[in-house]
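The values are calculated or read from the model by the stated rules, or taken from the named source; none is laboratory data. Because the structure is a prediction, the values reported are computed rather than measured. Using ideal geometry, Cβ is built from the backbone for each residue, glycine included, and neighbour counts are taken over all protein chains shown. For accessibility, only protein heavy atoms count, side chains too; no ligands or nucleic acids. Shrake-Rupley method; radii C 1.70, N 1.55, O 1.52, S 1.80 Å.
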Amino acid sequence: MFGKVLVELAGMDPKVVGITPAMASGCGMTLLEKACPERFFDVGIEEEHAVTFSAGLAAGGMKPFCNIYSSFSQRAYDNIIHDVALQNLPVVFCFDRAGLVGEDGPTHHGCFDLASYRCIPGITLAAPRNETELKRLMFTGLSLTGGPMMIRYPRGIGEGVPWQEAAYEELPIGKGEKLMEGKRVAVLGIGPVVNRAVEAAKRHKIDYGVAPAVYDMRFLKPLDPAIMEEAGKFDAIVTAEDGCLKGGLYGAVSEYFAGREDAPVIKGVGIPDRFIPQDSQKAQRASCGLDEASLYDLILEMMKNL
């Protein structure tokens with residue numbers, strides 16, 4: 001899906017180029033290689049060079065989409081800060097295999113991107129909940145004028161939404177979306193786990209006649225201030241993310257409400273402070289509380305304790 005959209009974007013704008021450090025087949029960028037070989041660059045297993053090369057292309061007026069597995073982007077942390085963010089260059093980073101990856105195990109989990117990149121000045125950090133959102137975030141990246149944008153998305157099968165028919169639409173930076181009305185508890189999610197939160201909330205509505213409100217934050221940086229203020233009026237907030245719990249969405253929301261006397265109770269769901277061993281993605285997500293059943297139980301517990 002990523003590869004097909006990138007080819008379409010390249011057809012819209014002759015300045016679009018694709019860069020990958022030997023991950024072309026895994027990321028789907030081989031489609032760009034076939035369609036526009038003169039605008040495709042595989043730099044080999046060299047994430048640092050992929051990032052700095054993208055910076056140079058952006059400085060020269062091109063629109064680089066730098067595609068790296070989330071886990072391996074960590075190798076280029078210095079380059080992302082010094083060569084892209086500090087220079088305020090419009091590079092679109094597309095981090096594949098964000099979150100839990102299954103049998104590839106702890107070396108390939110994209111656990112740390114939300115937390116580690118959130119602290120860098122000038123970065124836009126986004127995570128789509130489904131294929132259509134990814135398509136529109138990539139299109140939004142075409143309009144970057146300064147500073148990098150990071151879009152992180154998971155390995156494997158998508159949500160099955162009809163993304164091919166969805167229109168290209170530029171999304172406002174830092175704007176989330178309310179997906180469900182609710183009472184007492186607000187679930188603030190980012191990435192595909194938002195879909196599981198909606199499923200859990202709908203089952204709560206059927207079982208108990210009341211449901212939590214569910215919001216798709218869409219952007220971790222910048223946070224949507226309107227959603228944050230609205231969520232602050234609830235008794236409790238649950239944050240849900242397929243990244244490490246420390247420093248990601250949970251950290252950002254906790255920081256936002258720190259020091260407020262009327263702050264709601266905040267409970268975070270995400271990848272715990274340990275390395276997650278090999279298993280199926282389904283089992284890994286369940287072990288971290290990121291499946292529908294676990295979110296349902298957590299919401300029930302919080303509702304009872306308020």
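Figures for the structure shown
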item	result
Distant-in-sequence amide H partners of I266 (H built 1.01 Å from N, under 5 Å)	I237
Region 95-107 - phi-based ³J(HN,Hα) in whole Hz, Karplus 6.51/-1.76/1.60, Gly and Pro as x	9, 6, 6, 6, x, 8, 9, x, 5, 5, x, x, 6
With at most 16 neighbouring Cβ atoms within 10 Å, loop trypsin sites (Lys or Arg not before Pro) (DSSP) excluded, longest segment of the chain	16-174
Other-chain or far-sequence residues with amide H under 5 Å of L179's (modelled H)	V214, Y215, D216
Pairs from K202/K282; K63/K221; K183/K246; K202/K304; K202/K267; K175/K205 whose Cα-Cα separation, in the structure shown, is over 24 Å	K183/K246; K175/K205
Structure-derived P(r) over Cα pairs in 10 Å bins from 0, in percent - corresponding label in (1) 5, 19, 20, 20, 15, 10, 5, 3, 2, 1, 0; (2) 6, 29, 35, 21, 8, 1; (3) 6, 24, 28, 21, 14, 7, 2, 0	(2)
The chain: relative contact order in percent, alpha carbon pairs under 8 Å with at least 6 residues between	15 percent
CD proxy at 222 nm, helix term only [per DSSP H run n ≥ 4: -39500 (n - 2.57); per residue of the chain; nearest 500]	-10000 deg cm²/dmol
Rounded to the nearest 10 Å², the accessible area of C288 at probe 1.4 Å	10 Å²
Under 12 Å from K233, Cα to Cα: aspartates and glutamates that are on another chain or at least 8 residues apart	D262
Which of Q278, G289, L125, positive extreme of dipole for the chain (C-beta unit charges)	G289
FRET efficiency, 1/(1 + (r/R0)^6) with R0 35 Å, evaluated for M1 and I45 via beta carbons	0.90
Backbone N under 20 Å from the D262 label point (7 Å along Cα→Cβ), restricted to region 172-188	182-187
Size of charge dipole - region 1-117 - debye, nearest 20, with Cβ of Lys, Arg +1 and Asp, Glu -1, no other charges	320 debye
Residue-wise HN-Hα coupling along region 125-131, computed from phi with Karplus coefficients 6.51, -1.76, 1.60 (Hz; x: Gly, Pro)	10, 10, 9, x, 8, 7, 5
